[in-house]
Amino acid sequence: MISLEKVRQRAESDAKTYGYYLNPDPEFLNDLLEGLRKNEERYGYPSCPCRVATGNLELDRDIICPCDYRDPDVAEFGTCYCALYVRKDVVEGKTSLMPIPERRPLEKQARAYAVTAEKIAEKAAATTAKTEQPRSEVRKKLWYCRQCGYVVYREDPPYVCPICKAKREMFAEIAVRIDLAG
Ligand code: SF4
């Protein structure tokens, strides 16, 4: 089991190397580090806690923390997409954090959603077969942020909303049914 402390030390060391800082809000920081820890346990690598990962290293390579988008985001907005890494002026309170646009290309996001949706459907189909429920309907999990409306397909809600930075508790599940037979 990977310890949260190890994840924290790695992030601190990386921040120091590049002249960044970790988010000064201890609770918020803890949530992000815990997300990285869980993703590393789940996939074998610490994929971004604010994005959908597939478990396929090739597809997820650009969002392994620190992701390919961190440096340009910190340079332009003062923070990475998740707000884990921030600039000095942010820590000093001279710059306020704002939700920032997603720099990851849309096609990569779409691929990640598609692969994840496929996996969920396969899992649901297997469960349906076992429990002998009707094959035509399976349930998928779709989450939305009650603060900003961001919507995402995932097994669990994100730790932090990538758009408005609301915490996991702000996410609510939307029940969706898909037709496997069709
Ligand atoms: S957005 Fe931040 S937390 Fe997410 S992978 Fe990039 S550097 Fe790590």
Name every residue in the stretch 75-93 that is more than 7 Å from the ligand (Cβ to nearest atom) and under 20 Å from Pro26 (Cβ atoms), in order of residue number.
Gly78, Thr79, Ala83, Val86, Arg87, Lys88, Asp89, Val90, Val91, Glu92, Gly93
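Conditions (1) aromatic (Phe, Trp, Tyr); (2) part of a loop (DSSP other than H, G, I, E, B); (3) at pLDDT 95 or above, marked per residue:
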residue	(1), (2), (3)
Pro72	no, no, yes
Ser96	no, yes, no
Gln109	no, no, no
Val115	no, no, no
Glu118	no, no, no
Lys141	no, no, no
Asp156	no, yes, no
Which residue, of Arg8, Arg61, is basic (Lys, Arg), without any contact (Cβ under 8 Å) to a residue 12 or more places away in the chain and not in a loop (DSSP other than H, G, I, E, B)?
Arg61
Restricting to the stretch 44-67, what's the tally of residues that are surrounded by 14 or more Cβ atoms within 10 Å (Cβ to Cβ), over 17 Å from Val152 (Cα atoms) and within 13 Å of the ligand (Cβ to nearest atom)?
7
Any residue that is within 11 Å of the ligand (Cβ to nearest atom) and touching a strand residue (DSSP E or B) at 6+ places or on another chain (Cβ under 7 Å) - is there at least one of those in the stretch 96-109?
yes
Flag if Pro105 is surrounded by fewer than 15 Cβ atoms within 10 Å (Cβ to Cβ) and touching a helix residue (DSSP H, G or I) at 6+ places or on another chain (Cβ under 9 Å):
yes
Could you look through the stretch 68-95, keep only residues that are touching a Lys or Arg at 6+ places or on another chain (Cβ under 7 Å) and among the aliphatic types (A, V, I, L, M), and pick out the one that is surrounded by the fewest Cβ atoms within 10 Å (Cβ to Cβ)?
Val74
In the stretch 13-62, the residues that are farther than 24 Å from Met1 by Cβ and of a type in the set (Ser, Thr, Tyr):
Thr17, Tyr18, Tyr20, Tyr21
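The values are calculated or read from the model by the stated rules, or taken from the named source; none is laboratory data. Worth saying up front: this structure is predicted, and the values here are computed from it rather than measured. With ideal geometry, Cβ positions are generated from the backbone for all residues, glycine too; neighbour counts draw on all protein chains shown.
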